[in-house]
Amino acid sequence: MTVIYSNMGDTDTAVLKLMWGGLDDVKVVSAAAPREELIAAIEAEEGTLLMCGHGSSRGLFSPNWGFAITDPLLRAHLKTRNVIGIWCYAAYFAAYNDYPGFYSSMFISNDGEAAMNDIYGYSNEQIWESERNFCRKVNELLKSKTPLEDWQDVLQASYDPENEIEAFNYEGLHYYN
């Protein structure tokens, strides 16, 4: 598995490491890596490609130079259909570009993002704990080799609907084939 990780040095993205922690044969590539290194990592991966961090509907952000992952970068070099995109609006990026895989939509990872989505009363720590739980669940799905087409149903059946943060985040998960 190759992980392209957009680490912005914040608590929101630090927790994402839980998704691949303890997994065998994981190659982590920083989204800040030179474009040639990102291309080589994408081309070499024939199994699972996990892209995560901060982003938008235009792609995964790079801490250094704007976007690390964009449509032309993936379309020209992607060999696997086993793609996971966990960043804000990754599902819009995938739908617009017709990419198969499992993706998150807007994913609330701090109290500012919660307020922007009219959700109040949750501390950053509560939101980060919810995010940690999500990452641990993704890790379990990866360890158990659960097919991506089952992830949406499994994850959406596992959250607490009384928790507005979890309801928002989990209901925004999408699988495209």
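The values are calculated or read from the model by the stated rules, or taken from the named source; none is laboratory data. Here the structure is a predicted model, which means the values were calculated and not measured. Note: ideal-geometry Cβ built from the backbone for every residue, glycine included; neighbour counts use all protein chains shown. These area figures cover heavy atoms from the full protein model, side chains too; ligands, DNA and RNA do not enter into them. Shrake-Rupley method; radii C 1.70, N 1.55, O 1.52, S 1.80 Å.
Within the accessible surface of the chain, defined with a 1.4 Å probe on protein heavy atoms only, the carbon and sulfur portion equals 48 percent.
The calculated 222 nm mean residue ellipticity attributable to helices in the chain amounts to -11500 deg cm²/dmol, summing -39500 (n - 2.57) over DSSP H runs of n ≥ 4 and dividing by all residues. For the chain, the longest principal axis of the C-alpha atoms and the axis of helix 124-143 are separated by about 50°. Relative to the longest principal axis of the Cα atoms of the chain, the long axis of helix 35-44 makes an angle of roughly 90 degrees. Accessible surface calculations at 1.4 Å, restricted to protein heavy atoms, place region 49-177 at 46 Å² per residue. Report, as a whole number in µm² per second, the diffusion coefficient that Stokes-Einstein gives for region 1-131 at 10 °C and 1.306 mPa s using the Kirkwood radius over alpha carbon pairs. Diffusion coefficient, whole number: 106 µm²/s.
Straight-distance candidates among the aspartates and glutamates for linking to LYS145, with alpha-carbon spacing under 19 Å and chain neighbours fewer than 8 residues away dropped: ASP24, ASP25, GLU45, GLU46, ASP153. In this calculation the C-beta distance from ARG58 to LEU78 is compared with R0 = 22 Å, giving a FRET efficiency of 0.80.
Qualifying chymotrypsin sites (Phe, Trp or Tyr not before Pro) in region 63-108, where qualification requires a DSSP coil assignment and no more than 11 other C-beta atoms within 10 Å, comprise TRP65.
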